[in-house]
Amino acid sequence: MKFIETRGNDGCKKSEVEFSEAILSPSASFGGLYVPSSLPIFDETFLTAHLQSSYKELAKDILKSFEIDIKDEILDKALSRYDEFDDPKNPVPLSKIEDNCFVSELYHGPTRAFKDMALQPFGFVLSALAQEKGENYLIMAATSGDTGPATLETFKNQNNIKVACLYPDGGTSDVQRLQMVTEEAKNLKVIGVHGNFDDTQNTLKALLASQDFKEELQKREIKLSAANSVNFGRIIFQTIYHVSAYIELLKKGEIVMGEEIYLVVPSGNFGNALGGYYAMKAGLPIKKILISSNKNNILTDWIENGVYDLTTRELIQTSSPAMDILKSSNVERILFDKFGATRTKELMELLESKGGYSLTKEELEMLQEDFEATYATDEECSAFIAHYASKDYIIDPHTATCIKAFKEFVPDDAKCVIYSTAEWTKFAPTVAKALGSDEVHGDIEALNFVKNKCGVKVPPMIEKLFEKEIIHSVVVPKIGIKDEILKFL
Ligand SMILES: *Cc1c(COP(=O)(O)O)cnc(C)c1O
């Protein structure tokens, strides 16, 4: 299958590329993104044929149905990364929390956040392709907490790939920072930056755009790629668990074949929701995808009113930091799928030049055929965390935003799957506070508080973090980033 461009073709780049090209150089003409030119079919026949499949078998068939130009041997090895999850036979468990509500736990990988679902196999594929071509790539990541650890973890000691990871010093949790600064491998560089996440990300963007930096990379024969969800190589692995959740519900006898279910996705850059959208367009019986946000509710506004307006907003810090995002990059792929390349280019240019756009009434109706949206405040999330903890189920603050959408939109006689994007251990201080502790300060005390209060376990990879040696202790002002990276290369 070929991959095409969301903003049309500029006459210089190829207008269609293979999967391998789309993931090695993910930026398309006019700053657009790559999308599949058509979708596979995940209809009842496909679902019936996979009732007995393991997660890896299902994953392989889904990947192959996109007709990607990756050898079987590489796919098999990439998917075997799921063998390192808590339960290799069932890497994404589904828990029932209400008669009609299930939680798909996407956090049972090495860094305890859903980023591992895609980044684990993706990292293997990218490195294998780079080796086949004899090329060297630099992946640069600016992280507010979850992408960084998952990117480092997947690429550590992988040939032909180097990773430079920037985080705002003081802007992540202890667990998230330790996951990065204790990661030891020759091909990884972690740099703390004085400033907040926005400063860090803007510095990275400026560096990526600078001619001078590009020349330095060329001199060293290093190419740039990306591991965030603008890369379709991330999205493809994020279609799988939506199909898997549906099959799990079938196997548990909770739904009958063809019954439409609701999905609730806690969203930031919209990659997770986009995976669900493609699964639905490919035939998976989904009634609606419910997009949940925190107070940075720009997606709620977009789906309720058709308005995407950055000019009236400032980023708010919430207790679900992975969703503290205003420019949500995968919205573009939805625009393209619904309204085509010409309109997508127009809307994305308005977003860049005027800071916003409004959809027409007809366009808004098309969007609302598939999506509904709402948001939860930190106080509401805290109450949801306390409520489910009292029923012996601990959710993290991102997952907690989903409860609001479930209550608001899912009728009693319909089934719903909520995607849980992080384990509570990554956000222990917020969870401890929701459970009534006033005094806990750092992550260790908070982890212990929740552990003792609720009788739950903290997984070894989190407990060990506090004893590991700090490998990366560099913290620099913004202007020092470039030199640090060049030194590393
Ligand atoms: C990345 C992340 C999200 C947002 O996912 P998107 O695909 O960017 O919408 C939500 N929750 C957690 C914990 C995350 O790490």
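The values are calculated or read from the model by the stated rules, or taken from the named source; none is laboratory data. The model shown is predicted, which means the values in this text are computed figures rather than measured ones. Because the Cβ atoms are built from the backbone with ideal geometry, glycine has one as well, and the counts that use them run over all protein chains shown. Surface areas here come from the heavy atoms of the whole protein model, side chains and all, with no ligands, DNA or RNA. Shrake-Rupley method; radii C 1.70, N 1.55, O 1.52, S 1.80 Å.
With respect to Val264, determine if the residue is within 16 Å of the ligand (Cβ to nearest atom) and not in a helix (DSSP H, G or I).
Numbers: within 16 Å of the ligand (Cβ to nearest atom): yes; not in a helix (DSSP H, G or I): yes.
For Val264, the condition - within 16 Å of the ligand (Cβ to nearest atom) and not in a helix (DSSP H, G or I) - is met.
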### Task
Only residues in the range 351-376 that are under 27 Å from Ile286 (Cα atoms) count as the first member; pair them with residues that are assigned to a helix (DSSP H, G or I) and open to solvent by 60 Å² or more (accessible area, probe 1.4 Å), Cβ under 6 angstrom, at least 6 apart or cross-chain, and list the lot.
Thr374/Glu408
### Query
Restricting the range 269-285 to residues that are open to solvent by 10 Å² or more (accessible area, probe 1.4 Å), in contact with an Asp or Glu (Cβ under 8 Å, 6 or more places away or on another chain) and of a type outside the set (Lys, Arg), which is nearest to the ligand (Cβ to nearest atom)?
Met280
### Message
Can you tell me which residue is farthest from the ligand (Cβ to nearest atom) among those in the range 319-356 that are closer than 29 Å to Thr401 by Cα and basic (Lys, Arg)?
### Response
Lys338
### Task
For Ala227, indicate whether it is touching a Leu at 6+ places or on another chain (Cβ under 7 Å), buried (at least 17 other Cβ atoms within 10 Å of the Cβ), under 23 Å from Lys162 (Cα atoms) and in contact (Cβ under 8 Å) with a residue 40 or more places away in the chain.
yes
### Task
Could you give me the residue pairs with C-beta distances under 7 Å whose first residue belongs to the range 303-327 and is assigned to a helix (DSSP H, G or I), whose second residue is open to solvent by less than 40 Å² (accessible area, probe 1.4 Å) and among the charged types (D, E, K, R) wherever it lies, and which are 6+ apart or on separate chains?
Ala322/Asp146
### Query
Just checking, how many residues over the range 93-120 are in a helix (DSSP H, G or I) and surrounded by fewer than 24 Cβ atoms within 10 Å (Cβ to Cβ)?
0
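For every residue, the table says whether it meets (1) touching a residue at least 60 places away in the same chain (Cβ under 8 Å); (2) open to solvent by less than 20 Å² (accessible area, probe 1.4 Å); (3) of a type outside the set (Val, Ile, Thr).
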{"position": "Ser420", "(1), (2), (3)": "yes, yes, yes"}
{"position": "Lys426", "(1), (2), (3)": "yes, yes, yes"}
{"position": "Pro429", "(1), (2), (3)": "yes, no, yes"}
{"position": "Lys433", "(1), (2), (3)": "no, no, yes"}
{"position": "Ser437", "(1), (2), (3)": "no, yes, yes"}
{"position": "Val440", "(1), (2), (3)": "no, no, no"}
{"position": "Ile444", "(1), (2), (3)": "yes, no, no"}
{"position": "Val458", "(1), (2), (3)": "no, yes, no"}
### Task
Please go through the range 121-166 and pick out each residue that is within 16 Å of the ligand (Cβ to nearest atom), open to solvent by 10 Å² or more (accessible area, probe 1.4 Å) and part of a helix (DSSP H, G or I).
Thr147, Glu153
